[in-house]
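Structure, as structure tokens:
Just so it is clear, none of the values below were taken in a lab; they were calculated from the coordinates. Quick caveat, the model's predicted, so the values are computed rather than measured. A quick note on method: Cβ atoms are made from the backbone with ideal geometry, for glycine too, and the neighbour counts reach across all protein chains shown.
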Amino acid sequence: MRATVFIPNYNGERRIGRALEGLRGQSREVEVVVVDNGSGDGSAELVRERFPEAALVELGTNLGFGPALNRGVATHPDADPVILLNDDAAPEPAFVEALLERLDGGAESVAGVMVQEADPGRIDSAGVVADRTLMGFDYLHDEPVAAAASAADPLGPTGGAALYRRAAFDAVGGFDERIFLYYEDLDLALRLAARGGRTRLAPEARAVHAYSASLGAASPDKYAATGWSRGYMLRRYGVTADPRLALRALACEGALCAGQLLRDRTAAGLGGRLRGWRAAGGLERRDADGAPLLDLSAREALALRRRRRG
């Protein structure tokens, strides 16, 4: 089995070299495809000059994370399985091999483990999980790397270190192209789960991740993007149709937006949520039934969110 690794890139000149060097040193042979979202920093030129073995798909404009990957995957119809890697993640030599070894027994996707660049002994994300309001969390965030060896499987992989069977990816239409950035991996995981798909965790498939290297961890741009995706998911999946979940979601989202306003002096997250909610209006409702969702209180959910912020 020869896998294909797809890397979405946007102005990643200072970071994509580490990702591509790591793929050169893999214990299993891989094909590499860089999908460039109209970068203007010379990163596309860097790929052509320093990594000629990588295929380069130049989109000419920034379409967003999921739409770019959809187009990249479409250019390689025989790629199976499909592996995704962030341009700010440096894979360890066994990254690809460890992902492939967990693709068994009906699993449709495999979650890799992204470790923290500032503290490689701790996990940044080992996939995605979500509570009943579909608030998403990075699985095992800030846990010791060793914790992944005995951990249960997540709901789905994080888009920055993921493997998908091609048939499963195509069957659900890949990433939702309305989602520009953030929550696209959770949405894909929910749609795969709705058709009986299963995710496995690959503890040895590790990549060192520079968290939020593209937009910044607490920037208005990131708050706007995450807010849009959150509002979109709430309406698209009909979360607010249940009065109890609606109250719970309103309390959590209000607390998060208030914190951004007080701490970071920005209402970008609130505006993003409103725009995302409107964008989901009139669209066919999606079903999260069958997905293994966490039963968290609002306090527990906000504590996990604060931990991610910290």
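Of note:
- In terms of packing, defined here as the mean over residues of other Cβ atoms within 10 angstrom, the peptides 183-191, 92-100 line up highest first as 183-191, 92-100.
- Sorting W228, W277 from the fewest to the most surrounding beta carbons within 10 angstrom yields W277, W228.
- Dipole moment magnitude, nearest 20 debye, region 3-209 about Cα centre, only Lys, Arg, Asp, Glu C-beta charged: 360 debye
- Sum of side-chain charges, A225 neighbourhood, beta-carbon under 13 Å (Lys, Arg +1; Asp, Glu -1): +3
- Exposure proxy order (Cβ contacts within 10 Å, fewest to most) of D289, D242: D289, D242
- Neighbour counts of other Cβ atoms within 10 Å put V73, V30 in the fewest-to-most order V30, V73.
- Highest average first, the peptides 266-276, 168-178 ordered by how many other beta carbon atoms sit within 10 Å of their residues are 266-276, 168-178.
- Extreme residue, positive dipole direction of region 242-299, given options L274, A288, L262 (C-beta unit charges): L262
- Calculated diffusion of the chain, Stokes-Einstein form, Kirkwood radius summed over Cα pairs, 20 °C and 1.002 mPa s, µm²/s: 110 µm²/s
- Using only Cα coordinates, the Kirkwood hydrodynamic radius of region 1-107 works out to 13.9 Å.
- For region 220-309, a simple Cβ point-charge model (Lys and Arg +1, Asp and Glu -1, everything else neutral) yields a dipole of about 380 debye relative to the Cα centre.
- Cut-off under 5 Å, modelled amide H: who pairs with R200 long-range: S109, V110, A111
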